[in-house]
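The next block holds one structure in the form of C-alpha cells; read it before the comments.
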Amino acid sequence: MDKVKFISKGLNNEDIKAVKSTEDKYILLSLFVGQFRFLDNIQEVIDDLENVKNGIKTWEEIIAPLGNNWDIGYGNGSLDVENDIAYFLANDETNQSFKMPLQELIDLMKDWKIFMS
C-alpha cells in the first residue's frame, strides 16, 4: 500500500506539484518529502540517507549541521534513523509517529525527484 501519492493538480485544478498522505498516520512522511522542492536538495537528502544506510556516515554526522534534529514541517515532528529504520517522530498529538524501512524512504525520495523533474 502506498503511504503517499504525488499530485499535480490542486483543489482548484491549478498546476502544482505536491505530496499527499494516503492516511492520517503518514502526514509526517508527506510533510518530509514535500519540503524538498529543488532537485539538488532532493538529491542531497537521497545521498545523506544512502550514506547512513551504507555505513559511510552515521546519522549523528548527518544531523549535526542541522542542530542534531532533522525537523519536519516547521516543528510538526522530526526524522531519526537507526538500524536501517526511519522513525518519524511526532512533536504533538496532531500527528502520529511511525517507522518505515530506510530503503523505502530512499526509494520514495528517488520517485519524488523523478516527479519533480
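What follows draws every value from the coordinates through simple rules; no lab data is involved. Keep in mind the model is a prediction, meaning the values are calculated, not measured. For neighbour counting, all protein chains shown are included, and Cβ atoms are generated from backbone atoms with ideal geometry for every residue, glycine included.
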Please compute the net charge surrounding Asp111, taking Lys and Arg as +1 and Asp and Glu as -1 over other residues with Cβ under 12 Å from its Cβ.
-> +1
Given Lys5/Lys110; Lys17/Lys53; Lys5/Lys53; Lys57/Lys113; Lys3/Lys99, which pairs have Cα atoms separated by over 18 Å?
-> Lys17/Lys53; Lys5/Lys53; Lys57/Lys113
Note to self, the chain gives a 222 nm [θ] from helices alone (DSSP H runs n ≥ 4, -39500 (n - 2.57) apiece, / all residues, nearest 500) of -11000 deg cm²/dmol
Rank the residues Tyr26, Tyr74, Tyr87 as a footprinting-exposure proxy: fewest other Cβ atoms within 10 Å of their Cβ go first.
-> Tyr74, Tyr87, Tyr26
For the chain, size of Cβ-based charge dipole, Lys and Arg +1, Asp and Glu -1, in debye | 400 debye
Amide H neighbours of Ala86 at under 5 Å, excluding residues fewer than 5 places away on the same chain, with H built from the backbone geometry, are Met100, Leu102
Apply the Karplus parameterisation 6.51 cos²θ - 1.76 cosθ + 1.60, with θ equal to phi minus 60°, to every residue of segment 21-26 and state each ³J(HN,Hα) to the nearest whole Hz, in sequence, with x for glycine and proline.
-> 6, 7, 9, 4, 5, 9
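Rg/Rh for the chain: what does it come to with C-alpha atoms and Rh from Kirkwood? Don't jump to the answer; show the numbers that get you there.
Numbers: Rg = 14.0 Å, Rh = 14.6 Å.
We get a ratio of 0.96 for the chain.
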